[in-house]
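The values are calculated or read from the model by the stated rules, or taken from the named source; none is laboratory data. Here the structure is a predicted model, which is why all the values come from computation and not from measurement. Positions of Cβ are backbone-derived with ideal geometry, glycine not excepted, and every protein chain shown enters the neighbour counts.
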Amino acid sequence: MQAFFDMVASIFEYSFLWRSFVAAIMIGSLCSLLGVFVVLKGLSFAGAGIAHGAFAGVAFAFLIGANPFLMGLVFALAMVLMVGVSSQKGNLNVDASIGILFAVTMALAILFIGMMKQYNTELFSFLFGNILAVTETDLIYMSLIFFGVIAVLLIGFRAFYYWAFDEIMAEASGILMPQVFYLFLSLLAFAIVASLKVVGELLVNAFIIIPAASSYQLTYSFKKMAVYSVLLGAFASVTGLVLSFIYDIPSGASIVIILGLEFLICTIISPKKRWHKAAKPID
Amino acid sequence: MQKKFLVELEGVTAGYPGHIALEDVSFRVDSKEKIAIVGPNGGGKSTLLKVIMGLLEPTKGEVKVLGQRPYKNCAVKKKVAYLSQQSAINPNFPALIEDIVKLGLFGELGLLRWPSEEQKFRIIKALEKVGLKEMVGEPYSHLSGGQKQRVLIARALVASPSMILLDEPTTGLDVGSQEAILKIIKDLTDNEKITIVAVTHDQIFLKNWAKRIIKIENRLTFDGAIEDYLRGEA
């Protein structure tokens, strides 16, 4: 317990810890909010695919000496565009398109890393995440993305909600398709790029999927699912960060393990489960 | 004076890259008609609905709905409602019944307007018409397949459409639910004077509701009265 209080005291003492907490809360809640739509639309593979694309961009940035954040964003958005083009013009479903680009962008990342003259530890922090290394500049980028994505989600909520329920009925009601789909994937790309330094390319999809899948167990209401998802995501991020500080373990891994435990608990207590048939949802 | 039809298709050809799903289809739909569209799977029935809804632009020919070209036409979309097949919708989607019905007001509300008291009243009236008024605050996922379909019909009704397009409205439902849907659709066409065009394979639905059959096998192969169609099938 003393370690926990030491940690809380340290947040005010060390600016890098304060930045880490702010980053963890922002990224945890942003990814888990987008995750609600990802889970309901069955786009679980999209997050992993876009993260691979973004990492290829980061690797390319390190190779040519560019800004990794911006290059990651360019690659992630290019990936969204290519998913759209290949699924529409190539008559492929979205999963297959992402599957192709998932492999190609990872190959590109390996190629770029292979072309580097020396081992780059900073690059690998984007692969595995290093939340304690979040700088003030990173935090500014993250804040811009956080508030920008939340604003677009709020303004377009009704369209995203209708799209998540039924795409054809949404389009028949006047919602622009596939523009809403591309817009959503672009928001996801922004959130993923903002998350790379916090949790790493390999684990970012867990941030998107697990809180939403956990909250799905608890409620029959979309709005409550979104609120629970954000709370679960933010709680896991903060708890995981505290544990990583106390036990000196990788922050991304500890956050994802907490997310996994949350999912387990939510599944066990879920009022949707058959053996809890008579129970009321936590509404 | 030339008669105005609700839907007019003249030599319509439509499809997808590398695949023509509909070829040279022509017919007209008058208001208050009870039309069933039949035909084999892959025969172009859903493509036909998409053309009428304005989701797909014909590569040849002309289509008019309410006197206007429907493709990307918001005015037409406000007056024509569409119901997807049940199988296309996540049965466990986390939503309350009133949230689903409210979706039908998207054409009026857009992204940012809140429903007025009058629009909230219409939500209740629409649910009353399908016999689910008392369940307005219940979760959608708690409903049976038939009740879910009734909620979707209420979603269509809330926008006061001139025409409703139904895609397999009774497929996968038990006999009791099929009868309940049939009763609602009969009421809509007979009393509410809404034109309904339904893609269906359901023989009970055809025999007890439809007056006119349009058979699509990539081309129009039959267009006539239900009695003539059933005689031909026998």
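Quick rundown of the values:
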| read-out | value |
| --- | --- |
| Considering residues of the stretch A:220-252 that are among the aliphatic types (A, V, I, L, M), buried (at least 18 other Cβ atoms within 10 Å of the Cβ) and in contact (Cβ under 8 Å) with a residue 24 or more places away in the chain only, the residue farthest from residue A:39 (Cα to Cα) | A:242 |
| Hits in the stretch B:192-227 (condition: of a type in the set (S, T, N, Q) and crowded, with 18+ Cβ neighbours inside 10 Å) | B:195, B:200, B:218 |
| Some residue of the stretch B:120-130 being more than 25 Å from residue B:202 (Cβ to Cβ) and within 12 Å of another protein chain (Cβ to nearest Cβ) | no |
| Close pairs from the stretch B:34-61: first at positive phi, partner part of a loop (DSSP other than H, G, I, E, B), Cβ under 6 Å, at least 6 apart | B:39/B:217; B:44/B:218; B:54/B:70; B:54/B:71; B:54/B:73 |
| Members of the stretch B:16-39 found to be farther than 17 Å from residue B:197 by Cα, surrounded by fewer than 17 Cβ atoms within 10 Å (Cβ to Cβ) and either modelled with pLDDT of 90 or more or more than 14 Å from chain A (Cβ to nearest Cβ) (or both), listed by number | B:20, B:24 |
| Of the criteria (1) in a loop (DSSP other than H, G, I, E, B); (2) closer than 29 Å to residue A:162 by Cα, which one residue B:40 fails | (2) |
| Near pairs, Cβ below 7 angstrom, 6+ apart or cross-chain, from the stretch A:22-51 (over 24 Å from residue A:221 (Cα atoms)) to any residue that is outside any helix (DSSP H, G or I) | A:23/A:134; A:51/A:201 |
| Top-ranked residue in the stretch B:64-76 [being closer than 20 Å to residue B:16 by Cβ and not charged (D, E, K, R); ranked as surrounded by the most Cβ atoms within 10 Å (Cβ to Cβ)] | B:70 |
| Residue under evaluation residue B:142, criteria (1) surrounded by 15 or more Cβ atoms within 10 Å (Cβ to Cβ); (2) over 30 Å from residue B:27 (Cβ atoms), criterion not met | (1) |
| Flag for residue A:45 being of a type in the set (Phe, Trp, Tyr), closer than 19 Å to residue A:260 by Cα and at pLDDT below 90 | yes |
| Residue that is buried (at least 19 other Cβ atoms within 10 Å of the Cβ) and more than 17 Å from the chain's Cα centre (by Cα), where the choices are B:43, B:61 | B:43 |
| Elements of type helices (runs of 4 or more DSSP H) contained in the stretch A:179-278, each with 2 or more residues being within 23 Å of residue B:94 (Cα to Cα) and within 14 Å of chain B (Cβ to nearest Cβ) | A:179-199, A:204-216, A:222-247 |
| Counted residues, the stretch A:32-74 - those being of a type outside the set (Gly, Ala, Ser), more than 14 Å from chain B (Cβ to nearest Cβ) and part of a helix (DSSP H, G or I) | 17 |
| The lone exception for residue B:62 - which of (1) assigned to a helix (DSSP H, G or I); (2) more than 9 Å from chain A (Cβ to nearest Cβ); (3) closer than 16 Å to residue B:52 by Cβ it fails | (1) |
| Considering residues of the stretch A:149-164 that are free of Cβ contacts under 8 Å to residues at least 12 places away in the same chain and within 11 Å of another protein chain (Cβ to nearest Cβ) only, the residue nearest to residue B:72 (Cα to Cα) | A:158 |
| Residue match in the stretch A:64-73 (condition: buried (at least 18 other Cβ atoms within 10 Å of the Cβ) and touching a Pro at 6+ places or on another chain (Cβ under 6 Å)) | no |
| Residue within the stretch B:77-84 that is free of Cβ contacts under 8 Å to residues at least 40 places away in the same chain, part of a helix (DSSP H, G or I), facing chain A (nearest Cβ under 7 Å) and crowded, with 21+ Cβ neighbours inside 10 Å present | yes |
| Hey, residue A:176 facing chain B (nearest Cβ under 10 Å) and either within 13 Å of the chain's Cα centre (by Cα) or within 26 Å of residue B:101 (Cα to Cα) (or both) or not | yes |
| Any hit, the stretch A:135-148, residues being away from chain B (no Cβ under 14 Å), of a type in the set (A, V, I, L, M), closer than 30 Å to residue A:17 by Cβ and within 15 Å of the chain's Cα centre (by Cα) | yes |
